[in-house]
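Have a look at the structure below before the remarks.
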Amino acid sequence: MATENLTPVLTVPEAARLLRCSKAHLFHVIAGKVDSLPPLPVLRIGRRVLIRREALLRWMECLEGREAKIQRGSGLFPLREHPDRRAGA
């Protein structure tokens, strides 16, 4: 597992393990069959499907940003005022 952190590309099973989802679900995400998620970009070499580690991290950051926007809009997690930005400071 230690060498996996150094590899620039991941197999579907490795990426699924990192995302803690099934390989089948990840294949659905890759194919764009999960309505609530953008497709995950992949490299296809013949029948082999590989995922660039950087692409996976960017995809996850995109999802995190989208979730944060939804949560702020829902009022569940209101933005806190930074102490240095108080009125009159």
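The values are calculated or read from the model by the stated rules, or taken from the named source; none is laboratory data. Treat the numbers as computed from the prediction; the structure is a model and nothing was measured. Glycine also receives a Cβ, built like all others from the backbone with ideal geometry; neighbour counts cover every protein chain displayed.
What pairs come out if I take residues in region 12-35 that are without any contact (Cβ under 8 Å) to a residue 40 or more places away in the chain and under 16 Å from R52 (Cβ atoms) and pair them with residues that are among the charged types (D, E, K, R) and assigned to a helix (DSSP H, G or I) whose C-beta lies under 6 Å away, six or more apart or interchain?
Cβ pairs passing all conditions: V12/K23; P13/K23; A16/K23.
Could you check region 32-57 and list, in sequence order, the residues that are exposed (fewer than 12 other Cβ atoms within 10 Å of the Cβ) and in a helix (DSSP H, G or I)?
Hits for region 32-57 are E54, L57.
Could you grab me the full set of residues in region 4-50 that are acidic (D, E) and more than 17 Å from M60 (Cβ to Cβ)?
D35
Restricting to region 1-12, and then to whatever is exposed (fewer than 11 other Cβ atoms within 10 Å of the Cβ) and farther than 26 Å from E67 by Cβ, can you tell me which residue is modelled with the highest pLDDT?
P8
Kindly indicate the residue of region 18-65 that is on the phi > 0 side of the Ramachandran plot and among the small types (G, A, S) and also farthest from the chain's Cα centre (by Cα) among those meeting that condition.
Here the answer is G46.
Just checking, how many residues over region 13-31 are aliphatic (A, V, I, L, M) and either surrounded by fewer than 14 Cβ atoms within 10 Å (Cβ to Cβ) or in a loop (DSSP other than H, G, I, E, B) (or both)?
2
Here is a check on your reading of the model: is K69 surrounded by 10 or more Cβ atoms within 10 Å (Cβ to Cβ) and modelled with pLDDT under 90?
For K69, the condition - surrounded by 10 or more Cβ atoms within 10 Å (Cβ to Cβ) and modelled with pLDDT under 90 - is met.
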